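Below is one structure, written out as structure tokens, with a few remarks after it.
Where a number appears in this text, it was derived from the coordinates with a stated rule and is not lab data. Just so it is clear, the structure is predicted and the values come from calculations on it, not from any experiment. Here the Cβ positions follow ideal geometry from the backbone for every residue, glycine too, while neighbour counts run over all protein chains shown.
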Protein chains: 2
Amino acid sequence: MTGISSIGEIARDTGTSVQTVRYYEARGLLPKPPRSDGGQRRYTDDHRTRLLFIRHAREMGFSLPDIAEMIDLSSVSGKPCEPVDRMARCQLAEVDRKIARLQALRSALSGMIERCDGEDVSSCRILETLGASSHPEDK
Amino acid sequence: MTGISSIGEIARDTGTSVQTVRYYEARGLLPKPPRSDGGQRRYTDDHRTRLLFIRHAREMGFSLPDIAEMIDLSSVSGKPCEPVDRMARCQLAEVDRKIARLQALRSALSGMIERCDGEDVSSCRILETLGASSHPEDK
DNA sequence: CTTGAAGCTACAATTGCTATAGGGATTAGG
DNA sequence: CCTAATCCCTATAGCAATTGTAGCTTCAAG
């Protein structure tokens, strides 16, 4: 198994779309693979490994520039992984901020919904809350 | 206070950028305001009210098309607010999904970080985790 | 009347893809 | 060997919701 594969195969194997694989190549995240006589991309296991790395990092929410930097850092061994650690912590902090914002949002939303009595729009608490400090009734 | 204001003024008042105000107008969310002799936009309190509504709804995470629909629904009174309620519940469910995804992400990230000993990249647990099922040491 | 801030339009860039058009390559079957 | 189905190719445009740019005009204060 594995070995040489077409773009459709590594895409399927890694849960990526074909266009996205080409997009990563264009962005310089995935090295340009050799081509068949007819000009089609032929991928090796190294490419698959790299692509999996990218996908996992994307699932962790890292941006493509961050991923590029991690790949770059990891390519020369012997360097300290402190920059990688810093990026991961930064990402964690970002995730924490997003969670906090969403939780505040969630409670505001559910409060709004609870107060809505389902009558008509002129008395809708949701619309009223969104309008805040102003009266929706004047046009 | 309030009354007639320039685009910069309502932008400042509502925590919006000037470009964004013009963008909402182009998208049809904000009605076209009258212009000064020189062609500059002159806003009334009605515009401010509308713009605040849009900003609050955006803070709640509603999309611009959703907001357009809510404005549309609320403009004719006497209609039931059930569609608004449905949109809000849908948005709440979406927020819940996002929170769940971010919490899973958070624990994966912090697990990764905890295992990292800060040595060099060749032994970095973060890079290893992202690479998963493959060995980063071969180039 | 001059100056500097603010406004105008139109268009490009952002992020990470996805979709489309208009072709060529590959492969399995007959 | 021929054909049909499926894949692949490049190039380009689109998405959401802004933000940024360039080059010009208008406004308000002194």
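Quick rundown of the values:
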{"quantity": "For the protein assembly as shown: lysine pairs under 25 Å (alpha-carbon distance), excluding those fewer than 8 apart on one chain", "calculated": "5"}
{"quantity": "Distance (nanometres) between label positions extended 7 Å along Cα→Cβ at B:ALA93 and A:ARG35", "calculated": "4.7"}
{"quantity": "By average C-beta atoms within 10 angstrom, highest first, the peptides A:20-27, A:56-63", "calculated": "A:56-63, A:20-27"}
{"quantity": "Dipole axis of segment A:1-77 (+1 Lys, Arg; -1 Asp, Glu on Cβ), positive-most option in A:ALA57, A:SER36, A:TYR23", "calculated": "A:SER36"}
{"quantity": "Paramagnetic label zone (point 7 Å from Cα along Cα-to-C-beta, B:ILE4; backbone N under 19 Å) in segment B:38-58", "calculated": "B:38-49"}
{"quantity": "Segment B:51-72 and segment A:35-107: distance between their alpha carbon centers, rounded to Å", "calculated": "33"}
{"quantity": "Most fluctuating residue given options A:LEU64, A:LEU51, A:LEU109, as computed from a GNM of chain A linking Cα atoms under 10 Å", "calculated": "A:LEU109"}
{"quantity": "Whole-number percent relative contact order across chain B, with pairs defined as alpha carbons under 8 Å at least 6 apart", "calculated": "14"}
{"quantity": "Between helix A:64-75 and chain A: long-axis angle, C-alpha atoms, 0 to 90°, nearest 10", "calculated": "30"}
{"quantity": "Average other protein chain Cβ within 10 Å of Cβ, residues B:59-68", "calculated": "2"}
{"quantity": "Convex hull per residue volume in Å³, alpha carbons only, for chain B", "calculated": "211"}
{"quantity": "Debye intensity ratio in log₁₀ form over the Cα atoms of the protein assembly as shown, taken at each q of 0.09, 0.10, 0.13, 0.16 Å⁻¹", "calculated": "-0.66, -0.75, -0.93, -1.10"}
{"quantity": "FRET efficiency estimate (nearest 0.05) - Cβ-Cβ, B:ALA104 to A:GLU119, R0 41 angstrom", "calculated": "0.60"}
{"quantity": "Per-residue mean of C-beta atoms belonging to partner chains within 10 Å, peptide B:107-116", "calculated": "4"}
{"quantity": "Segment A:9-139, dipole about Cα centre (Lys/Arg Cβ +1, Asp/Glu Cβ -1), debye to the nearest 20", "calculated": "680"}
{"quantity": "Rel. contact order, % - alpha carbon contacts under 8 angstrom, at least six apart, segment A:1-77", "calculated": "30"}
